[in-house]
Amino acid sequence: MAPRSGPIGDCRELVSGNRMVARGAMAAGCRFFSGYPITPSSEIYQTMMEELPRPEHAGLALAAPDEISALACCVGASMAGHKAMTATSGPGWCLMIETLQYALMTETPVVIAVVQRLGPSTGGATQGAQGDVLLTQFCTSGGYTIPVFAPSNARECFELTRSAFAWSERLRTPVVLLSDKEVGMTLESVDTAALERRPVPERAAFSGTGRYVPYACDGMEEPPPFAPVGGNAKVVATGSAHDREGKLRKNSPEVIELLVHLQTKIAAHAEEMALVEMDLQEGADTLVVSYGTTARAAREAVNRRRAAEQRVSFLKLMTLFPVASAAITHAAEGCRRVVVAEENLTGLYASAMQPLVGNRELLRVNGIGNQISPARIVEALERAQ
Amino acid sequence: MTAPFLVKDAPLPYCKGCGHGLVLRAIGEALESLRLPPAEVAMVTDIGCVGLADALFASPHTVHTTHGRSTAFATGMALAESVLGAGRLKPIVMIGDGGAMIGINHLVNAALLNADVTVVVHNNFLFGMTGGQNSAFSPEEFITATTPAGNAVPPLDLARVLLASRATFVARKITSDRDLAGVIARAIAHPGFAVVEVLELCTGFATKWNPLTGAQLKQVAADAGYELGVMREESRPMFGEAYRTRSRESGASGSAETAAAERDRTARYTAEMRTAQRLVLAGTAGERVQTAATLLAQAAMLCGLEVTQKNDYPVTQGTGFSVSEVILSPEDILFTGIEEPDAVLVVSGDGAKELEKSGVLARVTKATLVLADTGVPLPELPCTIQRFPFRGAAGPRSAALAGVAQWLDLTAALPKDALWAALEARFPGEAENTKAGLEKMLGTA
């Protein structure tokens, strides 16, 4: 490879993934942020506190007294019609879960950036991890899918935060941007001029004519039109199981239909939401799958094995949920073995993927307390050969 | 003409004699008397019997929330509306005593912020909907489902907690007070946080198990040492106003995110780097180790290279070691960790100890370039350790940068001018001096 010199972009910066999450949010049109300090996500909070009030964003960033307040304030602001986000890590995420369920039930868009690390608040604050991947998913009562996007570098932090906002607004549902300490806190050179900066579209609004029926959807695959609390149309919002009018009801067919709708609207757009990077090799008998920070080590391992003449396919997942089934199935075609590399003890995402693997061998490369190195994945690939 | 706030003649979903109906009627009366446009009012209800009130409101917005969190949702709504919207929305929280305790954080916070939220606490001394369990508001000796032998714990004085939380309007009333609706109206009209705690009867449980009647509520208050009436009504800027003033001021100072100075628009130097260089810098916290790493990274970017920088430090931040890992590469960087370092720069004992503990030294190979301060003890390594008087020549706060300059001098991985340019951009005042000192060190090394 020839040495690189001269301009390679018009505006490169040395910037952290956390900061790029904040910038991605502002570029998406986020106007409200409420945060609570926790390593390794604090820089998102701090950046929003510094930047959001500035005239070019004209937003509101708020210091919350706890994580429950942080998310609840965001939900309140979103109900009033403003794009909203909070950021936390595993210990704070645990506290937010009921409020997340409330956002889901009330069909309120909100984005939560979860920057993973080890342990409870006394745990390994500055140690990276990918251990909350299923906690972001299986935290609802009822088995609903929370869309989860996972960046593996600073540029993707920006882009996937925009995606998180876009889908949150589009489907009126909470969306998680699942980062990790390594992605969030590592500084990287990024060509920031090349980033997409158009605000994401606003949620579909009530036309204003006729009576507003808050939970009346045009088909179960789309969210109901939105009217803000404080606007002219009377809003009835409720976290209870409800009918189209927002009235608390139990077990009526209409209520059950709306409970199912909360999942239908996600499932119907699963393929559109699936963001992956696929590099398939003809004749490969092994597929390596990874996400977040570990995807970088996995990619490097794949490069090394290919240099050693092993045929290996590679799949990086940027959408973790809904599971990118079609992409995974396609990538695994013809392979005898699927290797999933992720930084948790038991292979959390591998278990979510298992049904798609069929009778192929599923090999997990796992770790805790340390980044998984390319060498460890290479070793697994060599052994499997 | 506006529609009436309450649904006319709606059957109440409450037990006969329950205080909730009386408070609801008082809230309705208060709203009618204030003649607020219903579209500018949001009834934010909590969980419990009190949360059944939504369906009883005809014209304002209703938002039925989770247990104890109603005030936090209302705070978000009110603040967003005051800063980002037209500032006309008044959220009114209806919460029970159980919710007020589990969500006391939210009440305290809303009071401190002076958010434009009115909270009506329906205090019937217990959890009603779940079967009459005691709450933090149960009077002493109160019989509840969970205190069959009488409550042994004195009740919380919420009004005083909120007075201490700088609430600007605080009142405590009894359902039978003739001016209940009037005081609630004053609370709603109050600009900023207002709380009205209303003492009431739970006829489902409290009056069954305790010799309690409406006439005795005053005595319950007296026994608990509760003050009754409007305890505070004063004015203080609401958070939204204070926020707007401050953001106008900070806006004038310009955005750090968009400051051109932070940006590197063109690669101005050329580096003959063919494969990635992976460096570990180790020293003592507070001695600009990470700054030196950043300057190296920025110098590499000035040569058009890709970089990553990972910093590590103890939880205490300001003491002990400070370690930075920097990768410079002509290609996109994948793994951000360092399996085998190309160079290790150690400028203090703290740094050396950490490298040994974290296993970095164990990954040093024959090909690794190890540059260490003369005084730093290091174990035997598979490569030669090159010693330089970084601390002595450059001082502790420039020792790491001295290490970087020395590495560039030895390897010519990047032109030193790129490092000086990065230094000049970061420390315009002191760059010349620092550079002169470092060049002198390199000249004598």
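The values are calculated or read from the model by the stated rules, or taken from the named source; none is laboratory data. Only a predicted model underlies this, so the values are computations on that prediction, with no experimental measurement involved. Because the Cβ atoms are built from the backbone with ideal geometry, glycine has one as well, and the counts that use them run over all protein chains shown.
What to note about this one:
- Flag for residue A:165 being in contact (Cβ under 8 Å) with a residue 40 or more places away in the chain and within 14 Å of chain B (Cβ to nearest Cβ): no
- Residue count for the stretch B:92-111, restricted to those that are outside any loop (DSSP other than H, G, I, E, B), more than 8 Å from chain A (Cβ to nearest Cβ) and either on the phi > 0 side of the Ramachandran plot or not β-branched (Val, Ile, Thr) (or both): 10
- Checked against (1) touching an Asp or Glu at 6+ places or on another chain (Cβ under 9 Å); (2) within 26 Å of residue B:438 (Cβ to Cβ), residue B:314 meets all criteria but (2).
- Residue within the stretch B:354-370 that is in contact with a Ser or Thr (Cβ under 6 Å, 6 or more places away or on another chain), in the same structural domain as residue B:408 (by TED's automatic domain parsing) and farther than 24 Å from residue A:295 by Cβ present: no
- Of residues in the stretch A:49-85 being assigned to a strand (DSSP E or B) and either within 7 Å of another protein chain (Cβ to nearest Cβ) or more than 17 Å from residue B:74 (Cβ to Cβ) (or both), the one nearest to the chain's Cα centre (by Cα): A:85
- Search result, residues across the stretch B:24-56 that are over 35 Å from the mean Cα position of the chain (by Cα) and away from chain A (no Cβ under 12 Å): B:25, B:26, B:28, B:29, B:30, B:32, B:33, B:34, B:35
- Of the set (1) within 18 Å of residue B:119 (Cα to Cα); (2) surrounded by 15 or more Cβ atoms within 10 Å (Cβ to Cβ); (3) in contact with a Gly (Cβ under 7 Å, 6 or more places away or on another chain), all apply to residue B:236 but (2).
- Members of the stretch A:182-199 that are hydrophobic (A, V, I, L, M, F, W, C), closer than 30 Å to residue A:131 by Cα and more than 10 Å from chain B (Cβ to nearest Cβ): A:195
- Helices (runs of 4 or more DSSP H) (entirely within the stretch A:231-324) containing at least 3 residues that are within 14 Å of another protein chain (Cβ to nearest Cβ) and of a type outside the set (Lys, Arg): A:292-307
- Some residue of the stretch A:135-152 being within 11 Å of residue A:20 (Cβ to Cβ) and either outside the structural domain of residue A:295 (by TED's automatic domain parsing) or in contact with a Ser or Thr (Cβ under 9 Å, 6 or more places away or on another chain) (or both): yes
- Comparison of B:62, B:71, B:118, B:130 shows that the only residue that is touching a strand residue (DSSP E or B) at 6+ places or on another chain (Cβ under 7 Å) and more than 9 Å from chain A (Cβ to nearest Cβ) is B:118.
- Picking from residues in the stretch B:338-358 that are at pLDDT 95 or above and of a type in the set (Gly, Ala, Ser), the one that is nearest to residue A:298 (Cα to Cα) is B:343.
- Near pairs, Cβ below 6 angstrom, 6+ apart or cross-chain, from the stretch A:19-42 (part of a helix (DSSP H, G or I)) to any residue that is buried (at least 24 other Cβ atoms within 10 Å of the Cβ) and of a type outside the set (A, V, I, L, M, F, W, C): A:19/A:47; A:21/A:161; A:22/A:47; A:24/A:161; A:24/A:162; A:25/A:161; A:28/A:162
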